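Asks: One structure, as structure tokens, below. Some questions next.
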Amino acid sequence: MPAAPPATPIVALLTDFGVGDWYVGAMKGEILRRAPHAHLVDVTHGLPPHQVLPGAFVLHCAAGSFPAGTIFCCVVDPGVGTERRALCGRVGPWLFSGPDNGLLSGLLEGLAPDDLDLHRIENPEFRNERVSSTFHGRDLFAPAAARLALGFDPAQAGPPVADPLRLPLFELAEQADRLTGRVVLIDQFGNLVTNIRRRSHGAWFEPGRFVIHAGALRLDTLSTTFGEVRHVQALAYWGSAGTLEIAVNQGSAAGLTGLRLGDAIDVERR
């Protein structure tokens, strides 16, 4: 028997499916026909296709705004149909269903072993009867999320997984006079979101003592608001996720610099 689930369990969906096709709707349908009382929330379906690292970053940023017990059903899955594992279970205060490809990297950071309880999705009751080799979002992850919403123990899904794949989401190269991070997200405004965190590397940005290199762009000050610079002028600032961002006031930093996901952002000490 399942444990008593929340009266209205929250299932938050995060995918790279976009909104122009039927994929997101099919996933929602699979959840609702099993758990009609679930409250479905779209975190985003606009992630860059096939790019796991931005998905991991967005999940890391968004999860803290959700209450404990929220079920994150996540699909950025370029390895769909391969030997990569399909997972569901508990990650800290939340629940998760999705591929074992690094999407959990941000949530796993600093997590104690006792706060992790992941399992392979193998039990037929946690999946569709027929499983497509190209749409595990509908056939594995949505049914598993619904099962969790009904209060079933994730241990019933299948064997435990103690070693989920971790990507170097916040890994930086640090030398005496240079710090190198990378672009982990480009938002719809063309802002370059980096993995350089204020809490760990804010000391690098002492006024008058640093230069940020973003492609050919050079910035030697940090702004607080976009309004501090002229229209279409570039700026650097600590973004709402707590990491360094490069933007253009009412323009696109990605367009200005030509930088793409994974490209380096250097901070030089002067």
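The values are calculated or read from the model by the stated rules, or taken from the named source; none is laboratory data. These numbers were taken from a predicted model, which means no experiment stands behind them. Virtual Cβ from ideal backbone geometry, glycine too; neighbours counted across all protein chains shown.
Asks: Looking at segment 50-69 only, could you name the residues that are under 20 Å from Trp238 (Cα atoms) and either part of a loop (DSSP other than H, G, I, E, B) or among the acidic types (Asp, Glu) (or both)?
Replies: Gly64, Ser65
Asks: Since Ile71 meets every condition but one in (1) surrounded by fewer than 21 Cβ atoms within 10 Å (Cβ to Cβ); (2) more than 25 Å from Leu261 (Cβ to Cβ), which condition does it not meet?
Replies: (1) is the only condition that Ile71 fails.
Asks: Okay, next question. Return yes or no: is Phe170 of a type outside the set (Lys, Arg) and not in a loop (DSSP other than H, G, I, E, B)?
Replies: no
Asks: Identify, by number, the condition in (1) assigned to a helix (DSSP H, G or I); (2) assigned by TED's automatic domain parsing to the domain that holds Glu125 that Arg199 doesn't meet.
Replies: Status for Arg199: all satisfied but (2).
Asks: Here is a follow-up. Pairs, please: C-beta under 9 Å, at least 6 apart or cross-chain, first residue over 30 Å from Ala203 (Cβ atoms) and not assigned by TED's automatic domain parsing to the domain that holds Asp187 and in segment 244-258, second outside any helix (DSSP H, G or I) and among the acidic types (Asp, Glu)?
Replies: none
Asks: If the requirement is being assigned by TED's automatic domain parsing to the domain that holds Thr44, at pLDDT 95 or above and within 20 Å of Lys28 (Cβ to Cβ), which of these qualifies: Pro93, Pro99? Can you show your working first?
Replies: Details: Pro93 fails: within 20 Å of Lys28 (Cβ to Cβ).
Of Pro93, Pro99, the one residue that is assigned by TED's automatic domain parsing to the domain that holds Thr44, at pLDDT 95 or above and within 20 Å of Lys28 (Cβ to Cβ) is Pro99.
Asks: With the checklist (1) under 17 Å from the mean Cα position of the chain (by Cα); (2) in a helix (DSSP H, G or I); (3) without any contact (Cβ under 8 Å) to a residue 60 or more places away in the chain in hand, flag the one item Leu47 doesn't pass.
Replies: Going through the list (1) under 17 Å from the mean Cα position of the chain (by Cα); (2) in a helix (DSSP H, G or I); (3) without any contact (Cβ under 8 Å) to a residue 60 or more places away in the chain, Leu47 breaks only (2).
Asks: Consider Ala176 against the criteria (1) surrounded by 13 or more Cβ atoms within 10 Å (Cβ to Cβ); (2) aliphatic (A, V, I, L, M); (3) touching a residue at least 24 places away in the same chain (Cβ under 8 Å): it satisfies all of them except one. Which criterion is unmet?
Replies: For Ala176, the exception is condition (1).
Asks: For residues in segment 113-129 being of a type outside the set (D, E, K, R) and at pLDDT 95 or above, which is nearest to Met27 (Cα to Cα)?
Replies: Ranking the candidates gives Asn128 first.
Asks: Of all residues in segment 186-224, which are among the aliphatic types (A, V, I, L, M) and in contact (Cβ under 8 Å) with a residue 60 or more places away in the chain? Spell out the reasoning first.
Replies: Applying the first criterion (among the aliphatic types (A, V, I, L, M)) to segment 186-224 yields 186, 192-193, 196, 203, 211-212, 214, 216-217, 219, 222.
Within segment 186-224, Ile186, Leu192, Val193, Ile196 qualify.
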